[in-house]
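Questions regarding the structure given below will be posed in turn.
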Amino acid sequence: MSDLAPLDLALRFEQAARSTGQKLTVRQYAPLPLAAKDPFGLVQGIMLVPLLIGGYMSSTLLMAVTGQAAGRWRAAQLAAFAVVSGLVVDLIVCYWLEGFPSSKFWITWPICSLLVAVVAFVAAILQKLLGAVGTLVTVIVVPLLGNPSSGGASGVPYLPAFWRDIGPYLPPRNGYILLHHTIYFDGHGTSQALINLLIYLGVAAAVLIVLDLRGSEAKVPVDATEAAAMSVPIGATP
(Lines give C-alpha, C1' and ligand atoms only; values in the text may rest on other atoms or scores of the structure.)
Protein backbone atom coordinates (compact mmCIF):
# COMPACT_ATOMS: atom_id res chain seq x y z
CA MET A 1 0.00 0.00 0.00
CA SER A 2 2.94 2.35 0.55
CA ASP A 3 6.68 2.28 0.01
CA LEU A 4 7.18 4.78 2.87
CA ALA A 5 4.99 3.17 5.53
CA PRO A 6 7.30 0.22 6.40
CA LEU A 7 10.21 2.57 7.20
CA ASP A 8 7.97 5.01 9.03
CA LEU A 9 6.30 2.31 11.13
CA ALA A 10 9.61 0.74 12.07
CA LEU A 11 10.99 4.13 13.12
CA ARG A 12 7.92 4.92 15.25
CA PHE A 13 8.03 1.57 17.02
CA GLU A 14 11.77 1.96 17.70
CA GLN A 15 11.17 5.41 19.19
CA ALA A 16 8.34 4.04 21.35
CA ALA A 17 10.55 1.18 22.54
CA ARG A 18 13.37 3.53 23.50
CA SER A 19 11.03 5.83 25.39
CA THR A 20 9.82 2.92 27.52
CA GLY A 21 13.22 1.32 27.95
CA GLN A 22 12.31 -1.78 25.97
CA LYS A 23 14.41 -3.63 23.43
CA LEU A 24 12.91 -3.92 19.97
CA THR A 25 14.16 -5.92 17.00
CA VAL A 26 12.79 -4.98 13.58
CA ARG A 27 12.62 -7.65 10.90
CA GLN A 28 11.38 -7.15 7.36
CA TYR A 29 8.36 -9.23 6.38
CA ALA A 30 6.56 -9.17 3.02
CA PRO A 31 3.15 -10.90 3.22
CA LEU A 32 2.62 -10.28 -0.49
CA PRO A 33 5.64 -10.82 -2.77
CA LEU A 34 6.32 -7.98 -5.19
CA ALA A 35 7.54 -8.45 -8.73
CA ALA A 36 11.30 -8.97 -8.93
CA LYS A 37 11.72 -5.88 -11.12
CA ASP A 38 9.39 -3.78 -8.96
CA PRO A 39 10.62 -4.41 -5.40
CA PHE A 40 8.97 -1.24 -4.03
CA GLY A 41 5.57 -1.48 -5.73
CA LEU A 42 6.04 1.64 -7.84
CA VAL A 43 4.86 0.33 -11.21
CA GLN A 44 1.14 0.99 -10.83
CA GLY A 45 1.77 4.66 -10.06
CA ILE A 46 4.01 4.98 -13.10
CA MET A 47 1.45 3.20 -15.30
CA LEU A 48 -1.05 5.98 -14.62
CA VAL A 49 0.95 8.52 -16.62
CA PRO A 50 0.72 6.89 -20.10
CA LEU A 51 -2.88 5.87 -19.44
CA LEU A 52 -3.97 9.40 -18.54
CA ILE A 53 -1.98 11.03 -21.32
CA GLY A 54 -3.19 8.45 -23.84
CA GLY A 55 -6.79 9.22 -22.90
CA TYR A 56 -6.83 12.94 -23.58
CA MET A 57 -4.34 12.72 -26.43
CA SER A 58 -6.62 10.35 -28.32
CA SER A 59 -9.51 12.82 -28.14
CA THR A 60 -7.29 15.80 -28.93
CA LEU A 61 -5.65 14.19 -31.95
CA LEU A 62 -9.00 12.99 -33.24
CA MET A 63 -10.28 16.54 -33.00
CA ALA A 64 -7.19 17.81 -34.80
CA VAL A 65 -7.55 15.25 -37.62
CA THR A 66 -11.28 15.72 -38.17
CA GLY A 67 -11.33 19.45 -37.42
CA GLN A 68 -14.41 18.92 -35.23
CA ALA A 69 -14.92 18.49 -31.50
CA ALA A 70 -17.75 15.99 -32.06
CA GLY A 71 -19.07 13.70 -34.73
CA ARG A 72 -20.86 10.44 -35.32
CA TRP A 73 -19.04 7.35 -34.06
CA ARG A 74 -16.57 9.45 -32.07
CA ALA A 75 -17.41 7.59 -28.86
CA ALA A 76 -16.92 4.25 -30.64
CA GLN A 77 -13.58 5.40 -32.07
CA LEU A 78 -12.34 6.53 -28.66
CA ALA A 79 -13.53 3.29 -27.07
CA ALA A 80 -11.67 1.24 -29.70
CA PHE A 81 -8.51 3.25 -29.08
CA ALA A 82 -8.90 2.67 -25.32
CA VAL A 83 -9.07 -1.09 -25.81
CA VAL A 84 -5.96 -1.13 -28.00
CA SER A 85 -3.92 1.31 -25.92
CA GLY A 86 -4.83 -0.50 -22.70
CA LEU A 87 -3.54 -3.72 -24.25
CA VAL A 88 -0.30 -2.06 -25.37
CA VAL A 89 0.44 -0.62 -21.92
CA ASP A 90 -0.44 -3.93 -20.31
CA LEU A 91 1.87 -5.86 -22.64
CA ILE A 92 4.78 -3.47 -22.14
CA VAL A 93 4.55 -3.34 -18.35
CA CYS A 94 3.76 -7.02 -17.78
CA TYR A 95 5.92 -8.86 -20.31
CA TRP A 96 8.63 -6.40 -21.33
CA LEU A 97 9.29 -4.53 -18.08
CA GLU A 98 8.02 -7.42 -15.92
CA GLY A 99 6.48 -4.92 -13.51
CA PHE A 100 3.80 -7.29 -12.23
CA PRO A 101 3.05 -11.04 -12.37
CA SER A 102 1.98 -12.40 -15.75
CA SER A 103 -0.96 -14.13 -14.03
CA LYS A 104 -2.56 -10.68 -13.69
CA PHE A 105 -2.23 -9.78 -17.38
CA TRP A 106 -5.81 -10.47 -18.46
CA ILE A 107 -7.49 -8.72 -15.54
CA THR A 108 -5.20 -5.69 -15.85
CA TRP A 109 -6.00 -5.11 -19.53
CA PRO A 110 -9.67 -4.07 -19.04
CA ILE A 111 -8.67 -1.84 -16.12
CA CYS A 112 -6.13 -0.01 -18.27
CA SER A 113 -8.66 0.35 -21.09
CA LEU A 114 -11.35 1.57 -18.69
CA LEU A 115 -9.13 4.36 -17.41
CA VAL A 116 -8.12 5.46 -20.91
CA ALA A 117 -11.75 5.47 -22.04
CA VAL A 118 -12.89 7.54 -19.05
CA VAL A 119 -10.28 10.23 -19.65
CA ALA A 120 -10.89 10.22 -23.42
CA PHE A 121 -14.67 10.63 -23.02
CA VAL A 122 -14.30 13.41 -20.45
CA ALA A 123 -11.82 15.22 -22.72
CA ALA A 124 -14.13 14.84 -25.75
CA ILE A 125 -17.07 16.33 -23.84
CA LEU A 126 -15.04 19.30 -22.61
CA GLN A 127 -13.68 19.87 -26.12
CA LYS A 128 -17.22 19.86 -27.51
CA LEU A 129 -18.47 22.31 -24.87
CA LEU A 130 -15.40 24.55 -24.61
CA GLY A 131 -13.61 24.02 -27.91
CA ALA A 132 -9.85 23.61 -27.96
CA VAL A 133 -9.72 25.06 -24.43
CA GLY A 134 -11.37 21.84 -23.28
CA THR A 135 -8.04 20.06 -23.75
CA LEU A 136 -6.34 22.47 -21.36
CA VAL A 137 -9.13 22.01 -18.81
CA THR A 138 -8.74 18.23 -19.08
CA VAL A 139 -4.99 18.48 -18.56
CA ILE A 140 -5.48 20.62 -15.45
CA VAL A 141 -8.23 18.48 -13.90
CA VAL A 142 -7.03 14.96 -14.73
CA PRO A 143 -3.20 14.78 -14.87
CA LEU A 144 -2.18 17.95 -12.98
CA LEU A 145 -4.72 17.63 -10.15
CA GLY A 146 -5.73 13.98 -10.40
CA ASN A 147 -2.34 12.30 -10.72
CA PRO A 148 -0.72 13.87 -7.61
CA SER A 149 -3.91 13.25 -5.60
CA SER A 150 -3.83 9.53 -6.46
CA GLY A 151 -1.37 8.92 -3.64
CA GLY A 152 0.69 6.64 -5.83
CA ALA A 153 3.27 4.41 -4.23
CA SER A 154 3.73 6.73 -1.23
CA GLY A 155 0.15 6.19 -0.05
CA VAL A 156 -2.85 8.46 0.44
CA PRO A 157 -2.17 9.10 4.19
CA TYR A 158 1.06 10.89 3.26
CA LEU A 159 -0.71 13.40 1.01
CA PRO A 160 -1.42 16.98 2.17
CA ALA A 161 -5.06 17.58 3.08
CA PHE A 162 -6.01 19.24 -0.24
CA TRP A 163 -4.73 16.39 -2.40
CA ARG A 164 -6.09 13.75 -0.04
CA ASP A 165 -9.58 15.27 -0.14
CA ILE A 166 -10.00 15.74 -3.89
CA GLY A 167 -8.53 12.38 -4.90
CA PRO A 168 -11.66 10.20 -4.48
CA TYR A 169 -13.60 12.35 -6.95
CA LEU A 170 -11.08 12.14 -9.80
CA PRO A 171 -10.28 9.17 -12.07
CA PRO A 172 -6.53 8.77 -11.30
CA ARG A 173 -6.85 7.70 -7.66
CA ASN A 174 -9.69 5.33 -8.46
CA GLY A 175 -7.66 3.92 -11.33
CA TYR A 176 -4.58 3.46 -9.16
CA ILE A 177 -6.53 1.70 -6.41
CA LEU A 178 -8.19 -0.56 -8.95
CA LEU A 179 -4.86 -1.46 -10.56
CA HIS A 180 -2.86 -1.91 -7.37
CA HIS A 181 -5.47 -3.82 -5.38
CA THR A 182 -6.28 -6.10 -8.31
CA ILE A 183 -2.65 -6.99 -8.92
CA TYR A 184 -1.55 -7.45 -5.31
CA PHE A 185 -4.72 -7.93 -3.23
CA ASP A 186 -6.88 -10.10 -5.51
CA GLY A 187 -9.34 -7.26 -6.05
CA HIS A 188 -10.19 -6.70 -2.38
CA GLY A 189 -11.19 -3.12 -1.57
CA THR A 190 -11.81 -2.12 -5.18
CA SER A 191 -15.62 -1.81 -5.19
CA GLN A 192 -15.79 1.93 -4.61
CA ALA A 193 -13.03 2.69 -7.12
CA LEU A 194 -14.63 0.48 -9.77
CA ILE A 195 -18.09 1.98 -9.21
CA ASN A 196 -16.70 5.52 -9.46
CA LEU A 197 -14.95 4.77 -12.75
CA LEU A 198 -18.00 3.02 -14.18
CA ILE A 199 -20.16 6.02 -13.25
CA TYR A 200 -17.66 8.29 -14.99
CA LEU A 201 -17.70 6.02 -18.03
CA GLY A 202 -21.47 5.60 -18.23
CA VAL A 203 -22.36 9.26 -17.74
CA ALA A 204 -19.58 10.52 -20.02
CA ALA A 205 -20.45 7.99 -22.74
CA ALA A 206 -24.13 8.93 -22.64
CA VAL A 207 -23.41 12.66 -22.82
CA LEU A 208 -20.84 12.18 -25.58
CA ILE A 209 -23.21 10.07 -27.69
CA VAL A 210 -25.93 12.71 -27.36
CA LEU A 211 -23.48 15.43 -28.41
CA ASP A 212 -22.22 13.32 -31.30
CA LEU A 213 -25.73 12.70 -32.61
CA ARG A 214 -26.60 16.37 -32.71
CA GLY A 215 -26.52 18.30 -35.98
CA SER A 216 -23.30 18.98 -37.80
CA GLU A 217 -21.07 21.63 -36.33
CA ALA A 218 -18.62 24.12 -37.74
CA LYS A 219 -15.03 23.11 -38.25
CA VAL A 220 -12.65 23.89 -35.43
CA PRO A 221 -10.11 26.49 -36.65
CA VAL A 222 -6.73 25.06 -37.54
CA ASP A 223 -4.92 27.34 -35.09
CA ALA A 224 -7.21 26.14 -32.31
CA THR A 225 -6.48 22.46 -32.97
CA GLU A 226 -2.77 23.22 -33.12
CA ALA A 227 -2.99 25.04 -29.79
CA ALA A 228 -4.78 22.05 -28.27
CA ALA A 229 -2.15 19.67 -29.59
CA MET A 230 0.63 21.86 -28.17
CA SER A 231 -0.89 21.56 -24.70
CA VAL A 232 -0.67 17.77 -24.69
CA PRO A 233 2.91 17.43 -23.32
CA ILE A 234 1.94 19.35 -20.16
CA GLY A 235 0.44 16.21 -18.68
CA ALA A 236 3.77 14.38 -18.75
CA THR A 237 5.18 16.42 -15.86
CA PRO A 238 3.19 15.20 -12.79
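In Å and from the alpha-carbon atoms only, list the Rg and Dmax of the chain.
Taking only Cα atoms of the chain, I get Rg and Dmax of 20.4, 77 Å.
Charges at C-beta only: +1 for Lys and Arg, -1 for Asp and Glu. How large is the resulting dipole of the chain about its Cα centre, in Debye rounded to 20?
About 280 debye.
For the range 69-127, state which trypsin sites (Lys or Arg not before Pro) are in a DSSP loop and have at most 13 other beta carbons lying within 10 Å of their beta carbon. Don't skip to the end; give the middle numbers.
Numbers: sites: 72, 74, 104; in loops: 72.
Passing both the DSSP loop test and the Cβ count: 72.
Which value, in Å² rounded to 10, gives the accessible area of residue 19 with a 1.4 Å probe and all protein chains present?
90 Å²
Here's something else I'd like to know. Order the following by accessible area, largest value first: 90, 165, 186, 3. Probe radius 1.4 Å; ligands, DNA and RNA are ignored. Please report the intermediate quantities before stating the final value.
Values: 90 0, 165 95, 186 115, 3 50 Å².
Highest to lowest solvent-accessible surface, that is 186, 165, 3, 90.
Sticking with this structure for a sec: So if each residue of separation counts as 0.36 nm, and I subtract the Cα-Cα distance between residue 154 and residue 203, what length gain in nm does that give?
Full extension of this stretch gives 14.5 nm more.
Got a sec? What order do 66, 60 fall in by accessible area at 1.4 Å, biggest, i.e. largest, first? Kindly include the intermediate steps, with their values, before the conclusion.
Details: 66 50, 60 0 Å².
The residues order as 66, 60, largest area first.
Hey, with R₀ at 22 Å, roughly what FRET efficiency would residue 97 and residue 29 work out to, going by the Cβ-Cβ distance, to 0.05?
Between residue 97 and residue 29 the formula returns 0.25.
Taking 1 over the mean of 1/r across every pair of different Cα atoms in the range 10-67, what Kirkwood radius in Å do you get?
16.0 Å
If r is the Cβ-Cβ distance from residue 37 to residue 8 and R0 is 30 Å, what FRET efficiency results, to the nearest 0.05?
Details: r = 25 Å, r/R0 = 0.82.
Using R0 = 30 Å, I get an efficiency of 0.75.
The values are calculated or read from the model by the stated rules, or taken from the named source; none is laboratory data. From a predicted model like this one, the values you see are computed outputs, not experimental measurements. Every residue, glycine among them, receives a Cβ derived from its backbone with ideal geometry; neighbour counts consider all protein chains shown. Heads up: the accessible areas ignore ligands, DNA and RNA and are worked out on the full protein's heavy atoms, side chains in. Shrake-Rupley method; radii C 1.70, N 1.55, O 1.52, S 1.80 Å.
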